[in-house]
Amino acid sequence: MMQYRLEAKIEEKVCRYAKSQGWLTFKWMSPGQNGVPDRIFFKDGVCQMIEFKAPGKQPTSYQHAIHRQLKEHGFHVYVVSDFEQGKVLF
């Protein structure tokens, strides 16, 4: 549970920063399709997605597979585990 709270705190901080830079952000929830990144960000015709993880944690193999599919279709997908890592994307 502690791990989830840390992940949520990182997500909240990065989202707040992205919004301050003019990005739109939405939580991505896809019923019936697990493995999609946590958040989608939009600005000036750019779409990028972020999977938030607690420090030291990695996406599951299924999440990696979904991320790979998205990248093959030309989308930017990032895994972020701390604020500074997320901040540089915006």
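Shown for segment 2-87: lysine pairs separated by 8 or more places, or found on different chains, whose C-alpha atoms are under 17 Å apart, numbering 15. Largest GNM mean-square fluctuation across Glu72, Glu11, Glu51, computed for the chain with C-alpha springs under 10 Å, falls on Glu72.
If you take the beta carbon distance between Phe42 and Gln3 as r and set R0 to 30 Å, what does 1/(1 + (r/R0)^6) give as a FRET efficiency, to the nearest 0.05?
Rounded to the nearest 0.05, the efficiency is 0.60.
Rounded to the nearest 20 debye, the dipole magnitude of segment 1-71 is 120 debye, with +1 charges on Lys and Arg beta carbons, -1 on Asp and Glu beta carbons, and the Cα centre as origin.
Counting other beta carbons within 10 Å of each Cβ, put Lys43, Lys27 in order, fewest first.
Lys27, Lys43
The distance between label points at Glu84 and Lys19 comes to 2.5 nm (points 7 Å beyond Cα on the Cα→Cβ vector). P(r) tail, the chain: Cα-Cα pairs separated by more than 19 Å, 36% of all pairs.
Laboratory data are not the source of any read-out in this text; all were calculated from the coordinates shown. Being a predicted model, the structure only gives us computed values, none of them experimental. Glycine gets a Cβ as well: all are built from the backbone with ideal geometry, and neighbour counts include every protein chain shown.
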